[in-house]
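Presented below is the structure to which this report refers.
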Amino acid sequence: MLSGAVAHVEGSAAPGAFVRVRAAEGDVLGYGHYAPQSSLRVRMLAFGKEPVDERALVRERLRAAFALRRGAEARALLGATDAVRLVNAEGDGLPGLAVDRYGDVAVAKVTSAGMARLRDDVALALREDAGVAHALERRDALAARREGVDSDDRTWFGAPPSRAEIRERERRYTVDLREGQKTGFYLDQRDARDAVEALARGRRVLDLFSYTGGFAVAALRGGAERVVAVDSSEPALALARENAERNGDAARVAFERADAFEWVRSARERFDLLVVDPPPLARAQRDVARATRAYKDAALHALRCADPGALALFFGCSHHVGPELFRKVLFGASLDARRPLAVLRELGAPPDHPVSLDHPEGRYLTGLLVRVGGRP
């Protein structure tokens with residue numbers, strides 16, 4: 001519930017308090033977590049008039065989230081991996097909480113004052129119901145500013161290591177749990193990595209914004225002739241090199257430390273499989289114009305170094321730049337590059353990142369697999 005929808009507050013609710021929400025006419029609409037500093041004034045946990053036991057509700061939803069990620073159905077949907085998203089905020093009815101599992105380690109991000117108040121309950125559920133041996137919380141600076149959340153890196157239980165080794169299909173990755181992006185790894189790109197591995201045989205592959213080499217490793221495992229991985233972070237590239245060495249002939253991968261936007265502008269090498277996956281560029285609506293320009297610039301120059309008939313995967317990672325707008329951005333890049341594009345497949349987050357129909361903003365990852373026509 002946005003701040004503009006709140007006419008007045010009865011009493012003096014503290015940040016993170018579990019509050020009852022009434023309509024202007026007085027009817028009870030539901031219950032949620034109050035955040036007086038945030039534009040998201042109330043994060044709804046339950047709708048309806050009946051009173052709700054907050055802690056029982058949260059524990060029940062945590063158990064349901066964990067159950068969704070295990071068993072035969074989960075294996076059929078997620079495939080062979082020991083790294084999954086255990087809790088996906090609103091998608092699991094738990095706004096303000098994301099938890100990823102890497103082997104026997106759980107890494108949490110707490111982004112609301114309400115969930116910050118319930119840290120001990122979440123930790124207990126992870127220990128007793130999810131069966132992990134270690135759990136830690138990663139700081140979220142944006143949440144700390146937006147909601148006044150006491151958001152620091154901390155151990156919840158066990159002795160969490162700084163790194164974890166994970167298995168994704170036949171791919172093996174080392175994940176930096178304490179310093180890496182998000183909770184250490186982009187689990188939401190699992191299906192896209194599968195696609196890259198399936199398409200890579202004999203191809204020259206560009207992994208632009210490669211981070212720790214998720215796509216580069218997939219291409220290597222898939223039999224790519226050559227892979228070029230570009231990222232601005234030396235620590236990320238160091239881990240990417242390590243991951244490549246664990247997964248095949250790392251000599252087939254060239255690692256380029258550079259600003260990916262600048263690197264692709266001057267690229268002279270030609271590729272027949274390209275992955276363009278920049279970090280989030282539109283964290284708020286005010287960022288959309290700048291973000292779309294950046295997406296278009298990266299796509300335009302990537303298309304200029306694509307061979308005729310090349311395959312390319314383009315990604316956007318913000319609900320503010322949705323699928324329709326993202327297609328328009330790519331269309332503009334294809335016109336300017338004079339490289340017609342044919343969409344072969346849409347990609348998004350896998351099933352361990354469910355999206356609630358009453359929270360469409362939870363769909364943040366947009367991906368398109370395209371065939372590139374014309375000549376560079």
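A residue that is out of contact with any helix residue (DSSP H, G or I) (no Cβ under 9 Å at 6 or more places or on another chain), over 20 Å from Asp188 (Cβ atoms) and open to solvent by less than 70 Å² (accessible area, probe 1.4 Å) occurs nowhere in the stretch 317-339. Each residue in the stretch 35-59 was checked for being open to solvent by 20 Å² or more (accessible area, probe 1.4 Å), out of contact with any strand residue (DSSP E or B) (no Cβ under 7 Å at 6 or more places or on another chain) and under 21 Å from Ala113 (Cβ atoms), and 6 of them qualify.
For the stretch 352-368, does any single residue satisfy the condition of being in a helix (DSSP H, G or I) and open to solvent by 40 Å² or more (accessible area, probe 1.4 Å)? Scanning the stretch 352-368, I find at least one residue that is in a helix (DSSP H, G or I) and open to solvent by 40 Å² or more (accessible area, probe 1.4 Å), so the answer is yes. Scanning the stretch 166-224 for residues that are of a type in the set (Gly, Ala, Ser), in contact with a Ser or Thr (Cβ under 9 Å, 6 or more places away or on another chain) and surrounded by fewer than 24 Cβ atoms within 10 Å (Cβ to Cβ) yields one hit, Gly180. Name the residue that is surrounded by the most Cβ atoms within 10 Å (Cβ to Cβ), counting only residues in the stretch 94-148 that are in contact (Cβ under 8 Å) with a residue 60 or more places away in the chain and assigned to a loop (DSSP other than H, G, I, E, B). By that ranking, first place goes to Ser112. Any idea which residue in the stretch 266-290 is nearest to the chain's Cα centre (by Cα), counting only those that are modelled with pLDDT under 95 and among the basic types (Lys, Arg)? Only one residue tops the list, namely Arg283. Restricting the first member to the stretch 330-342 and to residues that are touching a residue at least 24 places away in the same chain (Cβ under 8 Å), and the second to residues that are hydroxyl-bearing (Ser, Thr, Tyr) and in a helix (DSSP H, G or I), the beta-carbon pairs closer than 9 Å and six or more apart or on different chains are Leu330/Tyr295; Gly332/Thr292; Ala333/Tyr295; Pro340/Ser334; Leu341/Ser334.
Would a scan of the stretch 55-73 turn up a residue that is part of a loop (DSSP other than H, G, I, E, B), in contact with a helix residue (DSSP H, G or I) (Cβ under 8 Å, 6 or more places away or on another chain) and under 30 Å from Arg190 (Cβ atoms)? Before the answer, list the steps.
Let us first name the residues in the stretch 55-73 that are part of a loop (DSSP other than H, G, I, E, B), namely 69-70.
Then drop every residue that is not in contact with a helix residue (DSSP H, G or I) (Cβ under 8 Å, 6 or more places away or on another chain), which leaves 69.
Keeping just the survivors that are under 30 Å from Arg190 (Cβ atoms) gives 69.
Yes, the stretch 55-73 has at least one match.
The values are calculated or read from the model by the stated rules, or taken from the named source; none is laboratory data. Just so you know, these numbers come straight off a predicted model, no measurement behind them. No Cβ is skipped: glycine too gets one built from the backbone with ideal geometry, and neighbour counts run over all protein chains shown. All accessible areas refer to the heavy atoms of the entire protein, side chains included, with ligands and DNA or RNA removed. Shrake-Rupley method; radii C 1.70, N 1.55, O 1.52, S 1.80 Å.
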